[in-house]
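Have a look at the structure below before the remarks.
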């Protein structure tokens, strides 16, 4: 295609930034005054980890929302599928584009892929311009006194908040001029929504930029007011539910931070509650910075001695955990919530993860892979960091010897049983006293509640005290490895 230099379009490559507001790549592309080609490429190359099924469900809805927003501004979303570099080169050849604008991805494989793409395109005279549209600070900008990445969260958060500067809020251009000749796939042809069966029927989410804004508004006016307490109680609607919106970039983390801080400044919520939420955004940031600085932690322990852990191979127990059939109601409720909704409450994620790692002594990577496939908010850095936190092998992690008791966790954080009764309805008639440990209930109580252990609800697949002893014995292997390495 032959075009005059001033008429050449620029490519706006969407990835995990599926929004128009507060989108630096979009703003810079529009400032060129040239036609803009908004494109999303479903990467089917071999260099980056494919999305899980639940993430693909979300992507389908988010891309539809983004396309609608672009059409409202006179544009449209161009869809391509395949190897990212090959698809960009094909679009360049078709349109004469000579620049690519994108918000950077910081996961190791995507970072390296994008660098190679930028170098390859530069050799062909096509410039790639990258921006930070997903984090408060780019990885590498928040360093300790030795100019090294932080490995402990609290000083990292302090340094992050001292250094991070909010960019001005932008709504994006009111009109985006997009050439009409560029071909696009039909989203329906990608098959992102599940069929035969449609396991997503219980997914109660509004993906897209509007959904993200609505979720933030609902949180600030509701759950934020008692966030520090409510976030630990899965039976209450107290969490922000922003994590999938943040992962797909439907809302900027700065928008979330500024909204809660403004609510605190207006005394609509206690400042301590706003600070607690900002700290959770900071943990997300910490995870991203760690994975970028230490890419090996994607599939290996941050603390190398933990790779000596004598993991068990128990496919039957692993399957029981995935299906929510462990016999521990708090764990089972979480795993069933995950399957039904694509989400699991944060407190229960810790309990369920601890059960897999420490009660069953199954490799954390098995759990991470299951969460990657089933969570709508599956984020590489957060997923890896949180699993390693529970396993004791991560940076600033919970000690391995801290083993959650799923019974006492349920009693403490779901004392009235609202959460368990919702997701494990076969136990719904059990009194609170027995709900989190049905195997301890007298036979007449079980009978009156219609519970038959081993039939209507499983007996525990492992005894807590026995599992705890086994986990602590396994820890000695790690201690021996640490001693032999001289640590």
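The values are calculated or read from the model by the stated rules, or taken from the named source; none is laboratory data. Treat the numbers as computed from the prediction; the structure is a model and nothing was measured. Here the Cβ positions follow ideal geometry from the backbone for every residue, glycine too, while neighbour counts run over all protein chains shown.
If you go through the stretch 205-225 and keep only what is within 20 Å of residue 273 (Cβ to Cβ) and either assigned by TED's automatic domain parsing to the domain that holds residue 419 or touching a helix residue (DSSP H, G or I) at 6+ places or on another chain (Cβ under 7 Å) (or both), you end up with 215, 216, 220, 223, 224, 225.
Here residue 92 meets the list (1) part of a helix (DSSP H, G or I); (2) closer than 16 Å to residue 189 by Cβ; (3) in contact with a helix residue (DSSP H, G or I) (Cβ under 8 Å, 6 or more places away or on another chain) almost entirely, failing just condition (2). Within the stretch 419-438, is even one residue surrounded by fewer than 19 Cβ atoms within 10 Å (Cβ to Cβ), within 17 Å of residue 351 (Cβ to Cβ) and in contact (Cβ under 8 Å) with a residue 60 or more places away in the chain? For the stretch 419-438, residues surrounded by fewer than 19 Cβ atoms within 10 Å (Cβ to Cβ), within 17 Å of residue 351 (Cβ to Cβ) and in contact (Cβ under 8 Å) with a residue 60 or more places away in the chain: present. Exactly one residue out of 391, 441, 469 is surrounded by 20 or more Cβ atoms within 10 Å (Cβ to Cβ) and closer than 30 Å to residue 301 by Cα, and it is 391. In this structure, is residue 301 over 23 Å from residue 384 (Cα atoms), in contact (Cβ under 8 Å) with a residue 24 or more places away in the chain and more than 19 Å from the chain's Cα centre (by Cα)? So residue 301 does not fit the description; no.
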